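Below: one structure, written as structure tokens.
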Amino acid sequence: MLSVEKIELNVKVANKVEAIHLAGELLVQQGHITRQYIDKMQEREELLSTYIGNGVAIPHGTAESKQWITSTGLSVLQVPEGVDFGEGNRAYLIIGIAAIENEHLELLSTIATVCAEEENVQKLVQAKSKEEIIEIFESGL
């Protein structure tokens, strides 16, 4: 679900709209979603923030966006300077999610397990390689 092609290190973004677009674009490039899904990711963010705490945001589409998902996948943006996700919340790790059927439950469980520990989030934000990020997530499986 996570591969080096879907991870970007040391990303600088102007705002959360740009961050969500980049997270979605990585999923498009790897064939997980069509571009319409990115619009639904933005729409979802307008309805309710996808910031989950500990410096992590998990942008994903709305309930109606499943038709634009071709396969389950994750993308990760490491944003060392952080990006404002509203209400004083700054995200340093943006995890884009696209999942078919109920596979999102497994993804969310893994993300929650790994990102519930501030120490893990710090390791992810400070990781020097994409492989290191994959190792940290795989340790949470």
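Are any residues in segment 45-57 farther than 16 Å from E118 by Cβ and either touching an Asp or Glu at 6+ places or on another chain (Cβ under 6 Å) or buried (at least 21 other Cβ atoms within 10 Å of the Cβ) (or both), and if so, which ones?
In the first step, residues of segment 45-57 are kept if they are farther than 16 Å from E118 by Cβ; the result is 45-50.
Matches in segment 45-57: E45, T50.
Test I58 against the stated conditions and say whether it is within 22 Å of V121 (Cα to Cα) and in contact with a helix residue (DSSP H, G or I) (Cβ under 7 Å, 6 or more places away or on another chain). Spell out the reasoning first.
Values: within 22 Å of V121 (Cα to Cα): yes; in contact with a helix residue (DSSP H, G or I) (Cβ under 7 Å, 6 or more places away or on another chain): yes.
Taking the combined requirement at face value, the residue satisfies it.
For segment 62-70, state whether one or more residues are closer than 27 Å to S139 by Cα, in contact (Cβ under 8 Å) with a residue 40 or more places away in the chain and either part of a loop (DSSP other than H, G, I, E, B) or touching a Ser or Thr at 6+ places or on another chain (Cβ under 8 Å) (or both).
Start the filter on segment 62-70 by keeping residues that are closer than 27 Å to S139 by Cα, which leaves 69-70.
Still in the list and also in contact (Cβ under 8 Å) with a residue 40 or more places away in the chain: none.
Checked against the condition, which is being closer than 27 Å to S139 by Cα, in contact (Cβ under 8 Å) with a residue 40 or more places away in the chain and either part of a loop (DSSP other than H, G, I, E, B) or touching a Ser or Thr at 6+ places or on another chain (Cβ under 8 Å) (or both), segment 62-70 yields no hits at all.
If I filter segment 63-90 down to residues being open to solvent by less than 10 Å² (accessible area, probe 1.4 Å) and hydroxyl-bearing (S, T, Y), which single residue comes out as modelled with the lowest pLDDT?
Checked segment 63-90; the qualifying residue modelled with the lowest pLDDT is S65.
Being at pLDDT 95 or above and either buried (at least 16 other Cβ atoms within 10 Å of the Cβ) or among the aliphatic types (A, V, I, L, M) (or both): is that true of V114 here? Before the answer, list the steps.
Numbers: at pLDDT 95 or above: no; either buried (at least 16 other Cβ atoms within 10 Å of the Cβ) or among the aliphatic types (A, V, I, L, M) (or both): yes.
In short, no.
Filter segment 91-111 down to residues that are open to solvent by 20 Å² or more (accessible area, probe 1.4 Å), touching a residue at least 24 places away in the same chain (Cβ under 8 Å) and either more than 24 Å from N10 (Cβ to Cβ) or touching a Cys at 6+ places or on another chain (Cβ under 9 Å) (or both), then give me how many there are.
The qualifying residues number 4.
Could you say whether any residue in segment 117-133 is surrounded by fewer than 18 Cβ atoms within 10 Å (Cβ to Cβ), farther than 22 Å from V4 by Cβ and touching a helix residue (DSSP H, G or I) at 6+ places or on another chain (Cβ under 8 Å)?
No, the conditions are met nowhere in segment 117-133.
Pairs needed: first member in segment 4-30, open to solvent by 70 Å² or more (accessible area, probe 1.4 Å) and acidic (D, E); second member anywhere, assigned to a loop (DSSP other than H, G, I, E, B) and at pLDDT 95 or above; C-beta distance under 8 Å; at least 6 residues apart or different chains.
Listed pairs, sorted by first residue: E5/Q30.
Quick check on this structure: which one of E131, E106, E135 is in a helix (DSSP H, G or I), within 15 Å of the chain's Cα centre (by Cα), more than 12 Å from N54 (Cα to Cα) and charged (D, E, K, R)?
Details: E131 fails: within 15 Å of the chain's Cα centre (by Cα); E135 fails: within 15 Å of the chain's Cα centre (by Cα).
Sole residue among the options that is in a helix (DSSP H, G or I), within 15 Å of the chain's Cα centre (by Cα), more than 12 Å from N54 (Cα to Cα) and charged (D, E, K, R): E106.
The values are calculated or read from the model by the stated rules, or taken from the named source; none is laboratory data. Not measured: the values here are computed from a predicted model. For neighbour counting, all protein chains shown are included, and Cβ atoms are generated from backbone atoms with ideal geometry for every residue, glycine included. Heavy atoms of the whole protein, side chains included, go into the accessibility calculation; ligands, DNA and RNA do not. Shrake-Rupley method; radii C 1.70, N 1.55, O 1.52, S 1.80 Å.
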